[in-house]
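J.: If you scroll down you'll find the structure; I have some questions about it.
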Amino acid sequence: MGDLYFSDNHFNKTHKKRRKKFIFLLSMTLMITSLAFFTFSCSPNLLSNNKNNKNTKVDQPQTNPPNFTEPKGALSVPEVVKKVSPAVVSVSTKSIVRQWGRDFGVQEGIGSGFIINNEGYVLTNYHVISGAQQVRIIFNDGKVVNAKIINYDSAQDIAVVKIDGNVKVPGIVELGDSDKVEVGESVVAIGNPLGKEFIGTVTRGIISATNRGVEVEKGRTQSFLQTDAAINPGNSGGPLINTLGQVIGINTAKITEQGVEGIGFSIPINTVKQRLTALTKPVLKIGIGAVGITNEISKSEGIPTGVYVKEVSPKSPAEKAGIKVNDLITKFDGKTVTSIEEINVIKEAHKAGDVVKVEILRNKKNITANLTLSE
């Protein structure tokens with residue numbers, strides 16, 4: 001027999017029948033699978049209802065995180081600015097540059113400050129007014145008035161100046177409680193960064209840290225509020241304000257290293273409030289330029305501890321008491337001292353006209369001087 005061949009027509013007919021049957025079965029399978037998938041998709045609790053799947057978790061819709069909240073009675077930034085800015089001032093200074101006993105011209109400086117009472121007392125940084133022979137206050141409307149330095153604490157970098165004459169102040173600030181400040185709290189800084197052209201500049205940020213210890217000089221650390229509100233030269237002495245419109249700090253410094261932004265520091269206002277009574281009294285003068293000899297310096301240099309006198313002002317209480325250059329003050333009013341700051345604290349307990357006993361080491365001999373304090 002010859003080979004059996006199927007004609008093309010026969011093969012096509014047979015193949016078409018088989019293909020129709022295959023397509024029908026495939027369609028039914030896909031339909032059943034789709035229905036099963038649709039049923040599962042629309043029934044997310046299907047597995048959880050099964051006795052064998054009691055612990056199966058089903059994703060629930062995510063809720064939005066809660067909004068940040070401000071304290072009760074919080075003001076908007078424009079409201080804070082409107083409340084506080086009339087009391088924020090510029091502190092303009094002039095000082096004579098002296099070296100080797102000669103005058104080399106006048107140096108001008110500018111910082112910020114804020115009015116704390118109706119008598120015209122202004123809080124600022126000590127470094128703003130340090131060495132100034134002339135101080136002027138510029139109000140936020142541009143009015144300029146004379147002022148004088150009342151008192152200061154150089155260690156804490158705070159000072160009080162007073163507006164001269166019978167001048168009506170445009171506003172006074174409300175002092176807050178810096179002990180209640182929290183990290184993340186919104187704050188506003190007002191001042192005049194970079195000079196008179198930017199008087200009344202407002203910046204906004206948050207409290208980045210509280211009680212931030214920063215080394216302000218070798219061996220001495222001071223506690224600050226840290227903020228990311230922009231603080232620049234000229235902002236020094238200006239207020240850091242909370243959302244209640246209360247001053248919680250005095251802006252004083254920022255880290256200026258290349259590549260570092262948003263790290264500024266303010267002196268907590270509670271640190272200042274403890275000293276306000278003393279700082280609003282006229283500073284009692286001694287008339288010396290001196291440097292402290294601490295235990296550390298004493299050991300390294302082989303000299304006794306005390307306050308070393310480098311300069312004595314003519315006609316000053318110190319000169320009248322017989323204090324001389326190169327004297328080492330070991331005790332002031334009966335108390336051992338190793339810094340000008342310690343002497344200043346002791347002075348605060350006195351008034352003008354009081355006589356203070358000063359114990360001195362001079363040429364390896366102990367002597368005593370009677371110093372009459374004066375304004």
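The values are calculated or read from the model by the stated rules, or taken from the named source; none is laboratory data. Keep in mind the model is a prediction, meaning the values are calculated, not measured. Cβ: placed from backbone, ideal geometry, glycine included. Neighbour counts: every protein chain shown. When the accessible area is computed, the model is the full protein with side chains, heavy atoms only, and any ligands, DNA or RNA have been set aside. Shrake-Rupley method; radii C 1.70, N 1.55, O 1.52, S 1.80 Å.
J.: Just one of (1) under 17 Å from V291 (Cβ atoms); (2) of a type in the set (A, V, I, L, M); (3) surrounded by 18 or more Cβ atoms within 10 Å (Cβ to Cβ) trips up V325, so point out which.
T.: (3)
J.: Taking E174 as meeting all but one of (1) more than 30 Å from T338 (Cα to Cα); (2) at pLDDT 90 or above; (3) touching a helix residue (DSSP H, G or I) at 6+ places or on another chain (Cβ under 9 Å); (4) open to solvent by less than 20 Å² (accessible area, probe 1.4 Å), write down the number of the exception.
T.: Condition not satisfied by E174: (4).
J.: So is T277 in a helix (DSSP H, G or I), closer than 25 Å to I231 by Cα and either within 24 Å of the chain's Cα centre (by Cα) or of a type in the set (A, V, I, L, M) (or both) or not? First the steps, then the outcome.
T.: Values: in a helix (DSSP H, G or I): yes; closer than 25 Å to I231 by Cα: no; either within 24 Å of the chain's Cα centre (by Cα) or of a type in the set (A, V, I, L, M) (or both): yes.
Answer is no for this residue.
J.: Quick one: in region 121-135, which of the residues that are in a loop (DSSP other than H, G, I, E, B) and of a type outside the set (S, T, Y) is farthest from G249 (Cα to Cα)?
T.: Taking region 121-135 and keeping what is in a loop (DSSP other than H, G, I, E, B), we get 125, 130-133.
Restricting the remaining residues to those that are of a type outside the set (S, T, Y) gives 125, 131-133.
Details: N125: 11, G131: 24, A132: 24, Q133: 27 Å.
Among residues in region 121-135 that are in a loop (DSSP other than H, G, I, E, B) and of a type outside the set (S, T, Y), the one farthest from G249 (Cα to Cα) is Q133.
J.: Of all residues in region 282-315, how many are in a loop (DSSP other than H, G, I, E, B) and surrounded by fewer than 17 Cβ atoms within 10 Å (Cβ to Cβ)? Before you say what the answer is, go through the steps one by one.
T.: Filtering region 282-315 down to residues in a loop (DSSP other than H, G, I, E, B) leaves 282-284, 286-287, 294, 302-305, 313-315.
With the extra rule that they be surrounded by fewer than 17 Cβ atoms within 10 Å (Cβ to Cβ), the set shrinks to 282, 294, 302-304, 313-315.
So the count comes out to 8.
J.: Here's a follow-up. Condition test on A159, is it out of contact with any Asp or Glu (no Cβ under 6 Å at 6 or more places or on another chain), assigned to a loop (DSSP other than H, G, I, E, B) and either of a type in the set (A, V, I, L, M, F, W, C) or modelled with pLDDT of 95 or more (or both)? Explain how you work it out, then say what you get.
T.: Numbers: out of contact with any Asp or Glu (no Cβ under 6 Å at 6 or more places or on another chain): yes; assigned to a loop (DSSP other than H, G, I, E, B): no; either of a type in the set (A, V, I, L, M, F, W, C) or modelled with pLDDT of 95 or more (or both): yes.
Answer is no for this residue.
J.: Is it the case that some residue within region 344-351 is more than 19 Å from R275 (Cβ to Cβ) and open to solvent by 70 Å² or more (accessible area, probe 1.4 Å)? Write out each step before concluding.
T.: Start the filter on region 344-351 by keeping residues that are more than 19 Å from R275 (Cβ to Cβ), which leaves none.
So far as region 344-351 goes, no, none of its residues is more than 19 Å from R275 (Cβ to Cβ) and open to solvent by 70 Å² or more (accessible area, probe 1.4 Å).
J.: Now, a different point. If a residue must be touching a residue at least 24 places away in the same chain (Cβ under 8 Å), more than 16 Å from V291 (Cβ to Cβ) and in a loop (DSSP other than H, G, I, E, B), how many such residues does region 335-353 contain?
T.: Of the residues in region 335-353, 4 are touching a residue at least 24 places away in the same chain (Cβ under 8 Å), more than 16 Å from V291 (Cβ to Cβ) and in a loop (DSSP other than H, G, I, E, B).
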